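Undergrad: Once you've had a glance at the structure underneath, I'll fire off some questions.
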Amino acid sequence: MMSITMEPMFAANAAVFAIKNATVEGKITVIVLLLLSLFSWTIILGKFRQLLIARAATKKFLAAYAATRDPLDIQRRNAEFDGAPAYQLYIRGADELVYQLKNNPVEVPARAKPASASLPPGVENEHTDFLAKSNVTKISTASFDAVRVTLEEAAGAEAMGLEKGMIVLSTAVAGGPFIGLLGTVWGVMSTFASIAENNSASLTTMAPGVAAALVATVTGLLVAIPAMFAYNFMVTTIRAITQELDGFATRYATQIEHVYVDSRPLAEELKSANEALAGRIVESLRA
């Protein structure tokens, strides 16, 4: 028990001894590493919280979205899923779709819904196909391109938001050991220069300078090791969320196209346009 207790005390005493005997350059190196560690841990704790909230909120949002058939249902209900990247993408796409429906609508004739008796077992009238057929206000393909661009921009913005701050961790992983090594080499160089000036190469003369130099390398490793584990975990998690986000963007765009985009054949569109024009002519003649 005594040896186990003495080991941490010895390590602490060794660190204190090394820092006390460090040169000005060595102390500056340690201070830089400690500042980098502070920024690194700030990013680690903040990013862990962000990713945990994002995963939980995204799960709830996707479950709510899967329970709907209308791509605008969640937006009309004013439901909110703060912290979910997929929800932010959804709401931007929904807002753009509502704008296009309001400012660039395409009126199409409603198609009659099939009777419930003719539906397959387990299928209700709220199915997307029937919603698409009953919807008389749609958007053109050009308007849908604007919605698709909005979704792509939102997906990119959310991915960038998830990756924000990761550069600090990658810097800590890659740069921490090298900064520490720089401090160590500088300290050893100063130690040998001092030995040459004093013409004394005894262990008592060398030990303080070498120990002080090595503390920079130890500090660099203590900065880099936790940052490395956190970085690898977070990169994997962000990649999974981003892939899920891209999949949802594709799915959402497909459902919007199916329900709200005018996909009638050109001949049918011309026929509807001619009928509408004829109706306006008849009304003007009656007037």
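The values are calculated or read from the model by the stated rules, or taken from the named source; none is laboratory data. Bear in mind the structure is a predicted one, so any value in this text is a computation, not a measurement. Quick reminder, even Gly has a Cβ in these numbers, built from the backbone with ideal geometry, and neighbours come from all protein chains shown.
Undergrad: From Thr204, Thr236, which residue is exposed (fewer than 12 other Cβ atoms within 10 Å of the Cβ) and modelled with pLDDT of 85 or more?
TA: On inspection, the qualifying residue turns out to be Thr236.
Undergrad: Let me ask something else about it. Just checking, does the range 251-261 include any residue being part of a helix (DSSP H, G or I) and either more than 30 Å from Asn104 (Cα to Cα) or modelled with pLDDT under 70 (or both)?
TA: No, the conditions are met nowhere in the range 251-261.
Undergrad: Can you give me the number of residues within the range 173-189 that are among the β-branched types (Val, Ile, Thr) and modelled with pLDDT under 80?
TA: Number satisfying all stated conditions: 1.
Undergrad: Take the conditions assigned to a helix (DSSP H, G or I) and farther than 23 Å from Thr250 by Cα and apply them to Leu33. Does it pass?
TA: yes
Undergrad: Inside the range 51-82, can you point out the residues that are of a type outside the set (A, V, I, L, M) and crowded, with 19+ Cβ neighbours inside 10 Å?
TA: Residues satisfying the conditions are Thr58, Phe61, Tyr65, Pro71, Phe81.
Undergrad: Take the range 47-72 and flag every residue that is under 25 Å from Thr236 (Cα atoms), out of contact with any helix residue (DSSP H, G or I) (no Cβ under 8 Å at 6 or more places or on another chain) and not β-branched (Val, Ile, Thr).
TA: If the condition is that a residue be under 25 Å from Thr236 (Cα atoms), out of contact with any helix residue (DSSP H, G or I) (no Cβ under 8 Å at 6 or more places or on another chain) and not β-branched (Val, Ile, Thr), then Arg49, Leu52, Ala56, Lys59, Lys60, Ala63 are the ones that fit.
Undergrad: Criterion first (on the phi < 0 side of the Ramachandran plot, modelled with pLDDT of 90 or more and either of a type outside the set (Asp, Glu) or buried (at least 20 other Cβ atoms within 10 Å of the Cβ) (or both)) does Phe192 satisfy it?
TA: Considered against the rule, which asks whether it is on the phi < 0 side of the Ramachandran plot, modelled with pLDDT of 90 or more and either of a type outside the set (Asp, Glu) or buried (at least 20 other Cβ atoms within 10 Å of the Cβ) (or both), Phe192 comes out as no.
Undergrad: Okay, moving on. Only one of Thr150, Thr171 is over 30 Å from Gly247 (Cβ atoms) and under 25 Å from the mean Cα position of the chain (by Cα); which?
TA: Residue meeting the stated conditions: Thr171.
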